[in-house]
Amino acid sequence: MTSHASSSLYFNFFLRSQGSRRATWVVVICFATACSTFAQSSSKELCKQMDSTFSGIASTDTPGFAVLVKKDGKMVCEKGYGVRDLRTKTAVDAQTDFRLASFTKQFTAMAAMLLVHHGKLDYDEPLTEIFSEFPAYGKTITVRNLLNHTGGLPDYEDLMDAAEKSTGQIWSSQRQIQDAGVLQLLEKESQGKFAPGTKWEYSNSGYVVLGLIVAKSSGKLFGEFLQERIFAPLKMTHTLVFEKGKNEITNRAYGHAKKENIFVETDQSSTSATQGDGGIYSNLEDLSKWDDALRDHTLLSEKDFLPAITPTQLLPGAEAKLAEDVPDSLRGHATAYGFGWFLNLQDSHPLMWHYGDTMGFKSAILRYTRDNVTVIVLCNRTDLDPGALAVKAAQSVLSSH
């Protein structure tokens with residue numbers, strides 16, 4: 001390495017012989033190179049620290065998880081732990097496709113927002129104008145209410161349970177309820193759980209219906225619309241809305257649950273076929289492209305995307321419900337909800353985030369907007385808390401800057 005003294009002599013000579021402007025550029029280039037080298041070594045060190053924390057959680061004989069950490073759009077760490085399934089014991093990596101579960105909701109919200117942007121849908125359009133058969137209680141439930149979980153639709157899983165109590169088993173992992181079946185159950189009801197806009201309550205029913213609205217408003221199947229308007233433009237080539245028997249998931253992870261200290265494959269349930277609330281499969285590589293698109297406003301301008309990260313105005317006391325419906329590890333960050341995103345914007349590290357939890361899978365995405373830090377954790381086992389893992393990884397990056 002050149003000493004400080006010899007570096008000074010070099011620049012003095014350069015200034016005399018080439019002029020100050022060119023010398024300035026050399027200084028800038030050298031400084032940028034030094035900063036880049038420092039950033040790379042810093043990232044490697046951070047990744048090594050995270051690896052030492054996460055490597056003991058899963059083994060080559062257990063289901064596992066995948067972790068992505070980015071800072072300023074650059075990859076800090078991207079790694080898989082454990083295996084995709086216990087039959088082949090193929091290692092989890094950045095190309096492994098996991099079921100996103102409710103992580104899906106941000107894509108459903110984006111699809112609806114794209115349709116609004118192009119004049120095919122209105123945020124204040126009521127359900128009865130979209131679905132002519134929907135009963136009168138849908139007259140005051142708008143697209144906006146569905147997006148921010150203030151619509152008060154009955155929970156479709158509760159309706160399934162009630163239907164099976166009177167008739168016996170109807171649905172199973174082999175005979176799954178589809179989105180159209182959810183709509184039929186909702187249309188048999190005469191009232192919602194509460195007057196729209198008066199409360200906040202997390203609603204899978206609302207997002208299943210949003211998926212159907214996207215399909216009806218676009219004239220395409222929900223999966224086709226997402227493929228054409230989100231996945232293909234962003235080159236998310238291994239992301240899809242899964243439909244059993246109609247498409248295939250490459251590099252697929254299978255879900256697992258731990259029962260009496262033994263992992264059992266629990267990949268599908270009677271509700272695993274619904275789409276808008278949790279039907280997308282994706283991997284770290286593709287979700288990194290999604291993160292870039294959100295940062296760069298590739299799909300929607302910053303102004304058009306603003307409703308997604310604008311806290312929903314709730315009546316006094318309604319905010320408490322937000323904290324009830326999220327994992328303990330993320331409870332302190334659930335101060336508001338936008339369209340498809342939980343929000344914690346008053347924190348010193350403002351955050352937009354979501355989680356997913358379904359049969360055999362858990363997931364989380366944390367986007368610290370001011371710090372420009374993103375963490376994504378995808379699990380194919382339900383005994384892990386991806387929120388806790390994501391927060392731990394994020395703290396490592398945030399504390400190093």
Practice task
Name every residue in the range 164-173 that is touching a residue at least 60 places away in the same chain (Cβ under 8 Å) and surrounded by 13 or more Cβ atoms within 10 Å (Cβ to Cβ), in order of residue number.
Solution key: Trp171, Ser173
Problem - Hey, Ser272 modelled with pLDDT under 95, open to solvent by less than 20 Å² (accessible area, probe 1.4 Å) and among the hydroxyl-bearing types (Ser, Thr, Tyr) or not - result: yes
Exercise for the section: Could you run through the range 298-320 and say how many residues are within 23 Å of Gly387 (Cβ to Cβ) and either open to solvent by less than 40 Å² (accessible area, probe 1.4 Å) or assigned to a helix (DSSP H, G or I) (or both)? Expected result: 6
Fill in the blank from the handout: Pairing a residue in the range 386-401 that is within 9 Å of Val69 (Cβ to Cβ) and of a type outside the set (Val, Ile, Thr) with any residue that is assigned to a helix (DSSP H, G or I) and modelled with pLDDT of 95 or more, where Cβ atoms lie under 7 Å and the two sit 6 or more apart in sequence or on different chains, gives none
Fill in the blank from the handout: Scanning the range 94-116 for residues that are out of contact with any His (no Cβ under 8 Å at 6 or more places or on another chain) and farther than 25 Å from Pro327 by Cβ gives Ala111, Ala112, Met113, Leu114, Leu115, Val116
Fill in the blank from the handout: Tyr254 meets each of (1) at pLDDT 95 or above; (2) open to solvent by less than 20 Å² (accessible area, probe 1.4 Å) with one exception, condition (2)
Handout entry: Residues being among the polar types (S, T, N, Q), crowded, with 17+ Cβ neighbours inside 10 Å and either part of a helix (DSSP H, G or I) or under 22 Å from the mean Cα position of the chain (by Cα) (or both) - total across the range 139-163
Key = 3
Fill in the blank from the handout: Every listed condition ((1) open to solvent by less than 60 Å² (accessible area, probe 1.4 Å); (2) assigned to a loop (DSSP other than H, G, I, E, B)) holds for Gly223 save (2)
Problem - Subset of the range 366-388 (residues that are open to solvent by 20 Å² or more (accessible area, probe 1.4 Å) and assigned to a helix (DSSP H, G or I)) - result: Ala388
Problem - Residues that are within 29 Å of Gly276 (Cα to Cα), assigned to a strand (DSSP E or B) and open to solvent by less than 50 Å² (accessible area, probe 1.4 Å), drawn from the range 76-103 - result: Gly80, Tyr81, Val83, Asp97, Phe98, Arg99
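Residues are listed down the side, and each one gets a yes or a no for (1) modelled with pLDDT of 90 or more; (2) among the acidic types (Asp, Glu):
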{"position": "Thr24", "(1), (2)": "no, no"}
{"position": "Val28", "(1), (2)": "no, no"}
{"position": "Thr33", "(1), (2)": "no, no"}
{"position": "Lys44", "(1), (2)": "no, no"}
{"position": "Ala66", "(1), (2)": "yes, no"}
{"position": "Val76", "(1), (2)": "yes, no"}
{"position": "Gly82", "(1), (2)": "yes, no"}
{"position": "Asp85", "(1), (2)": "yes, yes"}
{"position": "Thr88", "(1), (2)": "yes, no"}
Fill in the blank from the handout: Looking across the range 174-201 at residues that are within 18 Å of Met359 (Cβ to Cβ) and open to solvent by 40 Å² or more (accessible area, probe 1.4 Å), the single one that is nearest to the chain's Cα centre (by Cα) is Gln178
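If you check Pro233 against the conditions, is it open to solvent by 20 Å² or more (accessible area, probe 1.4 Å) and either within 17 Å of the chain's Cα centre (by Cα) or at pLDDT below 95 (or both)?
no
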Problem - Number of the condition not met by Ala323 [criteria: (1) at pLDDT 90 or above; (2) more than 22 Å from Val397 (Cβ to Cβ); (3) not in a loop (DSSP other than H, G, I, E, B)] - result: (1)
Practice task
Tell me, please, whether a residue that is of a type in the set (Phe, Trp, Tyr) and in contact with a helix residue (DSSP H, G or I) (Cβ under 6 Å, 6 or more places away or on another chain) can be found in the range 133-140.
Solution key: yes
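The values are calculated or read from the model by the stated rules, or taken from the named source; none is laboratory data. What you see is a predicted model; the values in this text were computed from it and never measured. Cβ sites come from the backbone with ideal geometry, for glycine too, and all protein chains shown count toward neighbours. Note: accessible area is taken over every heavy atom of the protein model, side chains too, but ligands, DNA and RNA are not part of it. Shrake-Rupley method; radii C 1.70, N 1.55, O 1.52, S 1.80 Å.
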